[in-house]
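Trainee: I'd like to ask you about the structure that follows.
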Amino acid sequence: MKRTILTTTALATFFAGPAMAQEATDVLTTYANIAAAGYEDSLITAEALEEAVADLVANPSAEVLTAARAAWLAARVPYQQTEVYRFGNAIVDDWEGRVNAWPLDEGLIDYVDGGYGGPSDENELAALNVIANASFTLSGTEIDASIITPALLEETLHEADGIEANVATGYHAIEFLLWGQDLNGHGPGAGNRPWTDFAAGDACTGGNCDRRAEYLTAATELLVSDLEWMAAQWVEGGDARAAVMADPDAGISAMLTGMGSLSYGEVAGERMRLGVMLNDPEEEHSCFADNTHNDHYLDGLGVQNVYLGEYVRADGTVVSGPSLSDLVAATDPALDTEMRIRLSETMRELGQIVLAAEAGFAYDQMLERGNEAGEALIMGGVNGLIAQTQTIERIVVALGLDTIAFEGSDSLDNPSAVFE
Amino acid sequence: MRLATFALIVALPSAVAAQDHQAAIDAALNNHVLPGVTQLAEASQALALAAEDCMSPALVAAYHEAFDAWVRISHLRFGPFEAENRAFALAFWPDSRGATPRALAQLIGASDPVIASDYASVSVAARGFYAMEFLLFDSDISTRGDAAYRCDLVQVVASDIATTTAAIEQDWTRTHADLMRMAGTNDRYQSQTEAMRALFNALTTGLEFNADIRLGRPLGTFDRPRPNRAEARRSGRSVQNLIISMQGLAELSAALTVAAPAINADIRAGFDVAISELERLDDPTLASVADPQGRFRIEVIQQRINELRELIVTEMGPSLGVSAGFNSLDGD
């Protein structure tokens, strides 16, 4: 369910005057610069993960597995801050499922605990376990999986049988291979895959250690090449940058669409509220690594980055420039203040979740039935995100972006495009 | 051409007088929202009463009535519906991971004593109309475990629905309706346009839900139709829910254009066509998505609903000076 509030060519132009248009273009330049830096940081940290994985495969040990996990956690920091680019930019949205698809039926990939269950009504492949099976039948076709390659993961296994929960690639597939299932339920503790799942010969646990290593290597390699591609879209001359710079109205709309859709439908709704309402530890965004608190925080931070036009890179340097905040302040200073306050309030709420989790109150525990403190913490974040979305809608109106008519829209021209 | 369109658009917002917005907000509340939430609360109360005898055929009839009342206004997912996750507590669907049967099977399997104390604390997957459907109609869940426990569970789910819907009615009648009527003088609705946008957004999101979720999920793809994903198929309500939802949305659409009914003429006709095609479908659970003939008819209806939404977004929205905002379907 992906959509934009504003798409295609605008007939009326709000940023019509030369000064306004220049200001909007400067704001969009900052937006594209932050994206370029964010995806480049994601690439750099994913390359570090790739090295750590190569180490793990070559010389498996508890220490090397821990180092690979640390590299994965570090790689999430810049990536999560780029999620705000998803919903407003088709080029990102079309690509995103390859790197950050979630939730997943992990039994597709590797062995799982007995309590996981087998194939379900929704997904016949939920317990396929490709690591243990060198060949299998998919929609009536015999698949040769004797060598696990990036192509097998990307072209055959990912979203196999048209089921989104068949996630074969990206951060969360890698996360599962590094941590394993979190079998602690609502108790503290993350997945606890032994390093010997990657050991050679008789030391191998979980079976098929060589194929597990092959899978992990292929998935990490794919992640790096996917991020490489996306980073290239945002540099000078890249398609994603060209798309947002093409029209100031559409570009500013894309910024606001991304901020609002991520805040409301995705993070507040799908990722946070749903978990609390279902009391289900499987509804954690990074359920294997128990890193969900950071995922939410960094998503919120990404929204704030885009509004304030400032991003702190993985190496500590700062990318900043003329911001959406400046643009709003020039039109309606009170509304700019409201937006800044709402964003800060959300970050405070999301920060409280992080602090509680870091201090030992795991996100799984917050989700447990009857855990009022946990529910209050998470709903604090949800309510902050909902409130900031209302202000984002006010900004859409204040900037006149809601009264623009369109020559056509995706849903008229190509109904299926809107509902991917 | 470009110039002409531009002039038209600039002229429009001023054409919408403040009293027209007030009239539309009042009509939406008086003709749609408030009667809807009252009917829902009353039908849910009747359901809770009927559930006192959990074997009674009257229970099934009361269930259908209350579910009807919910579907008619289920698109109003803001304010009192959003507070305390009430809409989800009444209607957790779609359920792509089978959380509802799993949660119910766990409660029944453990004869979980939570039903005697604080049912509102359990997973939303085990609450509301869709959980009740499994308890009454699913061949596995409706026969699982201890019959007495299951009967208690039916009663507690019914009374939980009654409690939630009473809270919704109270919030609407005591505070939220006034916040909307007095839009512009409170922080929740800083202008009449904001109140209009909330209602307009409910209208367009409701249509999107019908096309993408209620029809789109069972349609799946041509090669891989998914009839088992049809909404409430166990109680045979898949198409009925669509019809009732469209009727409710038509009511809201008429209310929003009360000051300029001409705008609604094409839209009303669009609703009528879609509803009569649904009525003629003769396939209560959308099972025919799996055969090419039936599938085609259902795709046509889906297309009509999409076109209707486009018409509302491109014609009604600009005429009223509002646009849809963000909605809960924006994620993925």
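Trainee: What is the distance, in nm, between label points placed 7 Å from the Cα along the Cα-to-Cβ direction at B:Glu84 and at B:Asp26?
Mentor: Spacing of the two 7 Å Cα→Cβ label points: 3.1 nm.
Trainee: When Cβ neighbours within 10 Å are restricted to other protein chains, what is their mean count per residue of peptide B:87-98?
Mentor: 3
Trainee: Something else now. Tell me, what ³J(HN,Hα) does each residue in segment B:191-207 have, in order and in whole Hz, if you take phi through Karplus 6.51 cos²θ - 1.76 cosθ + 1.60 with θ = phi - 60° and put x for Gly and Pro?
Mentor: Working through the residues one at a time gives 8, 4, 4, 5, 5, 4, 5, 4, 6, 5, 4, 4, 5, 6, 5, x, 5 Hz.
Trainee: If you look at just the Cα atoms of segment A:186-343, how large are its Rg and its Dmax in Å?
Mentor: 21.0, 69
Trainee: Quick check of the Kirkwood formula: for segment A:264-311, what is the inverse mean of 1/r over all pairs of different Cα atoms, in Å?
Mentor: That comes to 11.5 Å for segment A:264-311.
Trainee: Rank B:Gln293, A:Ala359, A:Pro119 by how far each Cα sits towards the positive end of the charge dipole of the protein assembly as shown (+1 on Lys, Arg Cβ; -1 on Asp, Glu Cβ) and give me just the farthest.
Mentor: Of B:Gln293, A:Ala359, A:Pro119, it is B:Gln293.
Trainee: While we're on this one: Write down the radius of gyration of segment A:72-171 and its Dmax, each obtained from C-alpha positions, in Å.
Mentor: Using the Cα atoms of segment A:72-171, the pair Rg, Dmax is 14.8, 41 Å.
Trainee: Express the relative contact order of segment B:97-252 as a whole percentage, based on alpha carbon pairs under 8 Å and six or more residues apart in sequence.
Mentor: Across segment B:97-252, relative contact order equals 17 percent.
Trainee: Report, to the nearest 10°, how far helix A:90-100 tilts away from the longest principal axis of the Cα atoms in chain A, using its own Cα long axis and a range of 0 to 90°.
Mentor: The two axes meet at around 30 degrees.
Trainee: Another question, if that's okay. Debye sum, Cα scatterers, segment A:220-310, no solvent: what log₁₀ I/I(0) at q = 0.20, 0.24, 0.25 1/Å?
Mentor: -1.10, -1.19, -1.20
Trainee: Right, here's the next one. Using modelled amide H (1.01 Å from N, peptide plane; none on Pro or chain starts), what sits under 5 Å from the amide H of A:Asp280, excluding residues fewer than 5 places away?
Mentor: Counting only residues 5 or more places away or on other chains, the set is empty.
Trainee: Over chain B, what is the relative contact order in whole percent, taking alpha-carbon pairs under 8 Å and six or more residues apart?
Mentor: RCO, chain B: 24 percent.
Trainee: I would also like to ask the following. For segment B:99-154, report the translational diffusion coefficient in µm²/s to the nearest whole number, using Stokes-Einstein at 20 °C, 1.002 mPa s, and a Kirkwood Rh over Cα pairs.
Mentor: Using the Kirkwood radius from Cα pairs, D works out to 196 µm²/s.
Trainee: Please give the charge dipole size of the protein assembly as shown, origin at the Cα centre, charges +1 on K and R Cβ atoms and -1 on D and E Cβ atoms. Round to the nearest 20 debye.
Mentor: Its charge dipole is roughly 1780 debye.
Trainee: Which values of log₁₀ I(q)/I(0), to two decimal places, follow from the Debye formula for segment B:241-332 at q = 0.19 Å⁻¹ with a uniform point scatterer at every Cα?
Mentor: -0.95
Trainee: I'd like the FRET efficiency for A:Glu236 and A:Thr317, computed as 1/(1 + (r/R0)^6) with the beta carbon distance as r and R0 of 25 Å, rounded to 0.05.
Mentor: Here the calculated transfer efficiency is 0.85.
Trainee: In addition: In whole Hz and in residue order, list the ³J(HN,Hα) couplings for segment A:341-353 that follow from phi through the Karplus curve 6.51 cos²θ - 1.76 cosθ + 1.60, θ = phi - 60°; x for Gly and Pro.
Mentor: Going residue by residue, I get 5, 4, 5, 5, 4, 4, 5, 5, 5, 5, x, 5, 5 Hz, with x marking Gly and Pro.
Trainee: When the helix-only estimate is applied to chain B (DSSP H runs of n ≥ 4, each -39,500 (n - 2.57), divided by the residue count), what is the mean residue ellipticity at 222 nm, nearest 500 deg cm²/dmol?
Mentor: The helix contribution divided over chain B gives -18500 deg cm²/dmol.
Trainee: In addition: Given just the C-alpha atoms of segment B:174-332, how large is their convex hull per residue in cubic angstrom?
Mentor: 125
Trainee: Can I ask one more? So what's the protein assembly as shown giving for Rg/Rh, alpha carbon basis, Kirkwood Rh from the mean inverse pair distance?
Mentor: Radius of gyration relative to Kirkwood radius: 0.96.
Trainee: What is the Cα radius of gyration of chain B over 2.2 N^0.38 Å, N being its residue count?
Mentor: It is 1.05.
Trainee: Also: Could you tell me which Cys residues in the protein assembly as shown have no other cysteine's Cβ under 4.7 Å from their own Cβ, answering none if every one has a partner?
Mentor: Flagged as lacking a Cys partner: A:Cys287.
Trainee: Give the long-range amide H neighbours of A:Ile143: residues separated by 5 or more places, or on another chain, with amide H under 5 Å away, using H modelled in the peptide plane at 1.01 Å from N.
Mentor: A:Phe136, A:Thr137, A:Leu138
Trainee: Next up: With θ set to phi - 60°, apply the Karplus curve 6.51 cos²θ - 1.76 cosθ + 1.60 along segment A:296-303 and write out the HN-Hα couplings as whole Hz, x wherever there is a Gly or Pro.
Mentor: For segment A:296-303, the Karplus curve yields 5, 4, 6, 4, x, 4, x, 5 Hz.
Trainee: Suppose each label sits 7 Å from its Cα in the direction of the beta carbon; what would the B:Gln247-A:Glu310 distance come out to in nanometres?
Mentor: Placing both labels 7 Å along Cα→Cβ, they lie 5.6 nm apart.
Trainee: Further question: How large are Rg and Dmax for segment A:169-226 when calculated on the C-alpha trace, in angstrom?
Mentor: Computed over the Cα atoms of segment A:169-226, radius of gyration and Dmax are 12.6, 36 Å.
Trainee: Report the one residue of B:Trp70, B:Gly270, B:Tyr149 whose Cα lies farthest in the direction of the positive end of the charge dipole of chain B (charges on C-beta: Lys and Arg +1, Asp and Glu -1; origin at the Cα centre).
Mentor: B:Gly270
Trainee: Using the crude model of +1 on Lys and Arg Cβ and -1 on Asp and Glu Cβ, and no other charge, please compute the dipole size for segment B:177-300 relative to its Cα centre, in debye to 20.
Mentor: Approximately 400 debye in magnitude.
Trainee: Okay, next question. D for segment B:67-207, whole µm²/s, Stokes-Einstein with Kirkwood Rh over alpha-carbon pairs at 4 °C and 1.567 mPa s: what number?
Mentor: The Stokes-Einstein estimate is 79 µm²/s.
Trainee: Here is a follow-up. At what distance in nm do the modelled label points of A:Ser344 and A:Thr149 sit from each other, each positioned 7 Å from its Cα along Cα→Cβ?
Mentor: The two pseudo-label positions are separated by 5.6 nm.
Trainee: A follow-up question, please. Based on the Cβ-Cβ distance of A:Asn59 and B:Glu279, what FRET efficiency does E = 1/(1 + (r/R0)^6) give at R0 = 60 Å, to the nearest 0.05?
Mentor: 0.30
Trainee: Hey, got the Cα dimensions of segment A:286-328 along the principal axes, in Å, largest first?
Mentor: 40, 25, 8
Trainee: Give me the orientation-averaged projected area of the Cα convex hull of chain A, in nm², one decimal.
Mentor: That works out to 20.7 nm².
Trainee: Based on the Cβ-Cβ distance of B:Gln106 and A:Thr337, what FRET efficiency does E = 1/(1 + (r/R0)^6) give at R0 = 41 Å, to the nearest 0.05?
Mentor: Efficiency, rounded to the nearest 0.05: 0.30.
Values in this text are rule-based calculations from the coordinates and carry no lab data. No experiment lies behind these values; they were computed from the predicted model shown. Positions of Cβ are generated from backbone atoms using ideal geometry, with glycine treated the same way; all protein chains shown enter the neighbour counts.
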